[in-house]
Every structure is written in structure tokens, then in C-alpha cells.
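Below is one structure, written out as C-alpha cells, with a few remarks after it.
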Amino acid sequence: MIRLYDYVLSASCYKIRLMAALLGVKLDQEAVDFHPGRAHKSVAFAQLNPAGTLPVLVDGDLILTESTAMLVYLAQLAGRDWLGPLDPKSAAQVQHWLAFSGRLAASLGMARLHDMLLYEGDIDAWRAQGHAALRELEAALSERRFAGGVWLVGDAPSIADIACFPNVALSQDGGVSLDAYPSVRLWTRAIRALDRFVEMPGIHRLHELRPAPEVA
Amino acid sequence: MTPRWIATGLSQDLPKAVAMAGHWQGQDLAVWRSATGRVQAWNDRCPHRGMRLSHGFVRGETLACIYHGWVYGADGVCKHIPAHPALTPPATIRVAAFACVEQDGVIWVAPADTVGAPVALRGLQPLRSISLTCDVAAVLAVEPALSGGDALRGLVQIGGQACEVCLLVQHNAAGLTLHALCAVGVDRIAASRWVEDLRRRAERKGAA
Amino acid sequence: MIAPEVLNEWYPVAMAAHIRAGQRRVTQLLGQPITVALQGGAIVVTGQGGALHVTEAFGHVWACPGTPAHPLFPIPEALETGRRLVDVGVVRVKCSPLRAVENFLDIAHFPFVHTDVLGAEPHTEVNRYEVQIREDSDEVWATKVTFYQPQAAKSAEGGIVTQYMYRVPAPTAAVLYKTCPVRPDAWDVIGIFVQPLSEDLCDVWPWMALYDDTTPQADLIAFQQMIFLQDRSILENQIPRLLPLDPGMEIPTQADLTSIAYRRWLKKRGLTYGAQMVAA
């Protein structure tokens, strides 16, 4: 079984848990005491990942330490539709959003770690960079909507959407509201409404997807 | 003078069975659309424990609070308290409603006792809501073709063609939100890029 | 001006293991800067006016900025052999420390906020339970609390009706006792220790004393962090951020008896730091 070294509050780890759930791939999840234990910075963990980051995905002799690479790997294994359309333009756009997700992690993701787990750094800069990234995402998704689209690339959700979703959906944890980004909000709802979607803390259940229980 | 009716969003951004945050002046609102399409604007606060109702969930013609699931009917009155399923909640548990109308693809809000209707915007299609960190003066300074206070209107150049636009102004703590409409038939992607460009120029002007 | 009743209480300010390992924590207590550090083998908390009263208990460093009105409350279960004591770490929340405690005392939100873990529709009913302010210890207690839980703890498989007791032994600390899945004769003990940084900002330190010899430490921590972080987005979106103590501002029901008692107890004892007294 594919093993995921995981931390429940990590947006990047969640990317992989979410992708696996959507693909129906079962993962062997090994919780790492990221906080308060800082086990990901231990000497023992450095054998697995010298960079000391999470997640780490291990399948046989394959060790992946970059979450976007893990998305590609899982989609190649279990659901190639999730790689997005393969024409040159679309394939390049998928790569664009995979790289863009790194900007989200470096801005919104850091703002969240600051506000929630007391990471030190320039919170105003992280939030400002987060808003700048959200503006780009909002503009792109608005243009997709004008063309009748819902997803970042093509007519179906892809690894591009999954790569960008967690840090966007969790942005309020870092004091960045999505109120000013209506297209982004609708896109996060579309992802949350996907069959087999799983939550993480900070992203609550869409209770409206189920009818109200009968009152006894 | 402050207008009574304030645009707080575009219809296209509030599908059926969705709630979102809105506001009228400093008043936070939960704006939501029922399963049959009815839009309402309420005080964004559950009377039980103060949770924002804009985080809530819509089932049928009701809005429920995400915290404890208290269910409010179309009249704002609490219909159901999940912790006490057999109880009929007293009618005194209710959320204050604002006046809310949908017109020309725009969601307008005003205090409950407001009479009259918002200004009509014929011949225009909704484009995008966009937030700016500058003030209206900066927008007018970089786009002299626009004029107005609560609604900035004018003929601007989009994709080499003169195009009528209307930017409905909503002030907020961080600056302002513009709910943009453009003439029917104009390419909305081109118009959206024009709005982005306008924002960049206005914010640069505002910061200078 | 902070009331002496508030200053004379104990507040958590650090995880003891971190300070013992040589870390220095520069933080805030009741709006004032403090430093928690190891000096000559002892943990010292220093504020602007000098050293604060310090005690170490339940994995955490506690400080009193005034003159302690009483010793820190006990958690006798923490001393029982066979229990695993788990420091869960710290999470910062933009809310009143009192709102954080009150939320911890609430069960009715389980189906909506901790969906499929601590609660699930249609099992939303909160049965009547007992609440009292115990005269001897001056603590708020809720007993005979029961609630249906689809997954009551990391070591629980499937749904059970879980029993709880809740206890508020200090203005910004609460302890819950819940059915222990592997030891029906014992209670699992979970604490929430809240450090009031200011009236509307707090650092929250969950802590556990469990009978569980099998679950890896990282899983126990992950479970409790998951639960608390589900609450965080609620706590940061309650209006006002301060806890309203005047009736009329918020509408409680029978399910909120613990919260009602907690608010009354705070008001009676003048522990109003983080509270709003007059409806705005």
C-alpha cells in the first residue's frame, strides 16, 4: 500500500488525502507529530526527507517529497482523467496551476501557520501576497465562468484544482477572507460538492448536500 | 447623502441553496438564496450564540446556522432547534431581516422599512464584483470617462470599442467593492480584463 | 485597569516540556508582555513588573500576575498510574478566551461542527443533564451528560452513546471526563487550558490523560488537534468576539445549561476579562 507521512492540519498533506479519496485510492497514513513534537525536523525523519517537510509519499522504492508530484503520481496510477486534457495548451495550464499552488502555500499557507501555530514572519506581507494570488485566481476563474467552465482547466476537475484548493479554502485561518472573491468561492464549493470529497479541520461539511432529517 | 439601496453582490454569484456574506454600510449581512431561488438578507448573526449565519447552510426554504444547526424559515423565525427536536421554538427567536431585491442581475439591500426600488439598469449585463483598496476619487481620476458617486457610469474603451459600463459602489472597511455591469453583447472576458486594468491603475493612483 | 479578581487567578502560559528543553517563550498575558524561560533549573515567568507567581502542572506552566487567591486547581486523575499524559500543543484563536472555554463545554454543536466524528444527524438531541456550582471547590460541574457519537475517540470503532462530565475549575480552563472506550470503569480526561493574550485573542493548549496503551502518540495528538481546529473557524466568527454576560444578547436553551452556569459563575466572581457586560 502507498504510505503517506501525514499531518492532520497541513494543507499540503490534505491535498494528497483529498486526491486519494477522490480517486478511491486507500493510503496507509502515518501521523507525524509536526506540532508540538516537530518530529518532521528529527534526525530519524531526515533519512526519509532531508528537507524535513511534509507530506512524504512512499510507494516501494519511490519516495516523493513534493505534493504536486504526488498528485501526478496518484492520478497516473488511479485516474488519468485527473491529469487534465493532454493538448499542449491545457497541459501547460495544468503545470501553471501546479506551480501557482506553491505561491499559495508561500503566502496564504504561511499566514495560516502564523495565525494558528504561531510561526514567526511578516504576516502583512504574507496576507498581501495571498490577496495578490487570490486576485489572479479570481480573474482566471471568472474568465472560465464566462466561457461556461467551472474548473481551472478543461471540463472536469483535475490535479490543478486539487493543488490549489486547500490553501484557498483555508485562507480564513490566516486572516484572509474570501468575501471579495465570488468566483473563487463558487469554485471551492464545486470541489466540496464532489463525490467522495473529504474535509479537513477548517473546511466544514456542506450539510445542504443531505436533506434535513425527519423530525420525530 | 447615503443611498438606501446598496448593491451587495451579483445574482450570478449566489446560486440556489447558497449563503454568502454581504453588508449594508457597517452592518454585516447573511445573504442567501433558497432552493426555489428566493434571495434574502439578514443580520449576519445567529441569536443563539452569535455565529455568523453567512457560514450557514441552506436546505429548501430555510437557512441553518453552522454552529448548532438552528433552522430559520423565510420569515426569519427559528423553526427548529436540533438539540431539542420535539420543541417548537418560541416565535421571539428571530433574525432581523433587511429589505432585499434582485433587479438587473444585482442583489440590492436596504433597511427593512425602505420603500421604493433601486435604480434600474436597463441594457446592461452583470460582469464581476471586484474589490479595490483605493477610494472612488482614485477610480475617477484614472478613468475620466466615468462619472457619478454611488454608480460610476460612462462610455469606456474595451477592446477598441466604446462600451457603456456601470460600476455600483459599495464601501467597506478595506476600501470599496465595485459591482460591474457592461453593455449587453460586449465580450465579458475583454470587459473583465478592462476592470482588472482599471483596478491596477486606480490603486496605483490611490497609493501615490 | 484589570480587576484583582482576574489578576489573582492562574493562567497557562507555556508547555513545560518546551521550557524545560531550553526554549524561551515570549508571549502575552492579559495584554501584558511576559517571558517564560528556564533560569538555574527553575521555570521563571517575567513580566514588566518583575517575576510572576509560577507553578507547573498537567504538562503546562501556569502563572498568576497578581497574588494567588488560591492554589492551582487539582486534576487528581493526572496522578493515576497507567494514564498517558499527552501535551497537544498550542493553537492561537482570534476570540475571547471565555468563548473558547464555553465552546468546549458545549455538546449540541457536535453533529454540525465535528460531523461524523463526535456527532451526526439525526442524533442531535441533547438530553437533560445536571449542572451545579459546587460550593466546596467553587467550580462549575455538569454531570449525566450523554450524547450519541459516531466515532467517540481515536480508539473507538463505530457509534456509541458517550457519557460526559464537564468541569470549570478556573476562568480559562475546563476539564471533560468522557467514556473511555477501552476501560468502561474509568473516564478519559481531556483538558483545555486557555491563555488570555488579550480580551479577544487567546492561545489554547489542549491536554489529555488517557487510558490508551496502543494508539501512537502522533495519532492521539492529531485527533485532538483535528477536533479543536474544527471549532476554531466557529470561534473566530462569533459576534461579538467578547462573551456577552448580560442576558438578552444571546438566547440559550436547556442544552446550554453548562454555558449559562459558566456565565453566571464568571459574573458572580467578577471574572469579566474577555466578557462584554452591556449589550452593544
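Just a few scattered comments:
- Calculated accessible area for chain C comes out at 38 Å² per residue, all protein chains present (probe 1.4 Å; ligands, DNA, RNA ignored).
- Per residue, segment A:82-192 exposes 36 Å² of accessible surface when a 1.4 Å probe is rolled over the protein heavy atoms with every protein chain present.
- Apportionment of accessible area to carbon and sulfur, segment A:64-121, percent (1.4 Å): 57 percent
- Take segment B:76-148 with all the other protein chains still there, run a 1.4 Å probe, and you get 43 Å² of accessible area per residue.
- Within 10 Å of each Cβ in A:198-204, the average number of Cβ atoms from other chains: 5
- Kyte-Doolittle mean at least -1.0, axial Cα span of 15 Å or more - DSSP H helices of chain C: C:217-235, C:257-269
- Backbone phi angles across segment B:10-23, fed through the Karplus curve with coefficients 6.51, -1.76 and 1.60 (θ = phi - 60°), yield HN-Hα couplings of 10, 3, 5, 8, 10, x, 4, 6, 9, 10, 9, 7, x, 7 Hz in residue order; Gly and Pro are listed as x.
- Average partner coverage of A:112-122, which counts Cβ from other chains inside 10 Å: 2
- Contact residues in segment A:19-60 (at least 30 Å² less accessible area with all protein chains than alone, 1.4 Å probe): A:ALA31, A:ASP33, A:HIS35, A:PRO36.
- Accessible area buried by the pairing of C and A, both sides summed with a 1.4 Å probe, works out to roughly 2100 Å².
- Mean separation of Cα contacts under 8 Å, 6 or more apart, over the residue count of segment A:2-81: relative contact order %: 36 percent
- For segment A:82-192, with +1 on Lys and Arg beta carbons and -1 on Asp and Glu, the positive-most of A:ALA139, A:LEU86, A:GLY174 along the dipole: A:LEU86
- Ranked from largest to smallest solvent-accessible area, with a 1.4 Å probe on the protein heavy atoms, C:ARG84, C:ARG264, B:ARG201 come out as C:ARG264, B:ARG201, C:ARG84.
- Helical contribution to [θ] at 222 nm, DSSP H n ≥ 4, -39,500 (n - 2.57), averaged over chain A, rounded to 500: -15000 deg cm²/dmol
- Evaluated with a Cβ-only charge set (Lys, Arg +1; Asp, Glu -1), segment B:124-207 carries a dipole of roughly 180 debye about its Cα centre, given to the nearest 20.
- Rounded percent of accessible protein surface that carbon and sulfur make up, segment C:1-72, 1.4 Å probe: 54 percent
- Dipole check for the protein assembly as shown: with +1 at the C-beta of Lys and Arg, -1 at the C-beta of Asp and Glu, and the Cα centre as origin, the magnitude is about 920 Debye.
- 0 to 90° range, to nearest 10: angle between helix B:188-207 axis and chain B longest Cα axis: 80 degrees
- In the protein assembly as shown, a dipole from Cβ-located charges (positive for Lys and Arg, negative for Asp and Glu) runs towards its positive end, and of A:ALA125, C:LEU118, B:CYS134 it is B:CYS134 whose Cα lies farthest in that direction.
- Chain B packed on chain C takes about 2100 Å² of accessible surface away from a 1.4 Å probe, both sides summed.
- Rounded to the nearest 20 debye, dipole of segment A:82-192 from Cβ charges on Lys, Arg, Asp, Glu: 280 debye
- In chain A, taking the dipole from charged Cβ atoms about the Cα centre, the farthest positive-side position among A:ALA39, A:ALA99, A:HIS114 is held by A:ALA99.
- Rounded to the nearest 10 square angstrom, B:TRP70 shows an accessible area of 10 square angstrom against a 1.4 Å probe.
- Those residues of segment C:204-224 for which accessible area with every protein chain present is at least 10 Å² below the isolated value (1.4 Å probe): C:ALA218, C:ASP219, C:ILE221, C:ALA222
- Protein accessible area in segment B:58-208, 1.4 Å probe - carbon and sulfur %: 55 percent
- Of all DSSP-defined beta bridges confined to segment C:73-276, some 95% are antiparallel rather than parallel.
- Accessible-area order (highest first, 1.4 angstrom probe) of the listed residues A:TYR181, C:TYR148: C:TYR148, A:TYR181
- Checked against a 24 Å cut-off, the cross-linked pairs A:LYS26/C:LYS94; A:LYS89/B:LYS205; A:LYS15/A:LYS41 give Cα-Cα distances beyond that limit for A:LYS26/C:LYS94; A:LYS89/B:LYS205.
- Restricting the GluC sites (Glu not before Pro) of segment C:31-96 to loop positions (DSSP other than H, G, I, E, B) with no more than 16 neighbouring Cβ atoms within 10 Å leaves C:GLU80.
- Global geometry of chain C, whether rounded, prolate or oblate, following the gyration tensor of its Cα atoms and the 1.5 cut on a/c: oblate
- Counting only heavy atoms of the protein chains and using a 1.4 Å probe, A:TRP126 has close to 40 Å² of accessible surface.
- A DSSP coil position with no more than 13 other Cβ atoms inside 10 Å describes the following trypsin sites (Lys or Arg not before Pro) in segment C:103-165: C:ARG128.
- In Å², nearest 10: area of B:GLU61 left accessible to a 1.4 Å probe: 70 Å²
- Anchor C:LYS267: aspartates and glutamates whose Cα lies under 15 Å away (excluding residues fewer than 8 positions away in-chain): C:GLU5, C:GLU9, C:GLU102, C:ASP138, C:GLU139, C:ASP246
- Counts of other chain beta carbons within 10 angstrom of each beta carbon in peptide B:126-136 average 3.
- When shorter helices are ignored and each DSSP H run of at least 4 residues is given -39500 (n - 2.57), the per-residue value for chain C at 222 nm works out to -5500 deg cm²/dmol.
- Contact order, relative form, for segment B:141-208: 26 percent (alpha carbon pairs under 8 Å, 6 or more residues apart, mean separation divided by residue count).
- Considering only alpha-carbon pairs that sit under 8 angstrom and 6 or more positions apart, the relative contact order computed for segment B:21-123 is 19 percent.
- Mean residue ellipticity, 222 nm, helices only, chain B: the sum of -39500 (n - 2.57) across DSSP H runs of n ≥ 4, divided by residue count and rounded to 500, is -4000 deg cm²/dmol.
- List of segment C:232-257 residues, accessible area with partners at least 40 Å² below that of the chain alone (1.4 Å probe): C:ARG232, C:SER233, C:ILE234, C:ASN237, C:GLN238, C:ILE239, C:GLU250, C:ILE251, C:THR253
The values are calculated or read from the model by the stated rules, or taken from the named source; none is laboratory data. What you see is a predicted model, and the numbers here were worked out from it, not measured in a lab. Using ideal geometry, Cβ is built from the backbone for each residue, glycine included, and neighbour counts are taken over all protein chains shown. We work out accessible area using only protein heavy atoms, side chains counted, and drop any ligands, DNA or RNA first. Shrake-Rupley method; radii C 1.70, N 1.55, O 1.52, S 1.80 Å.
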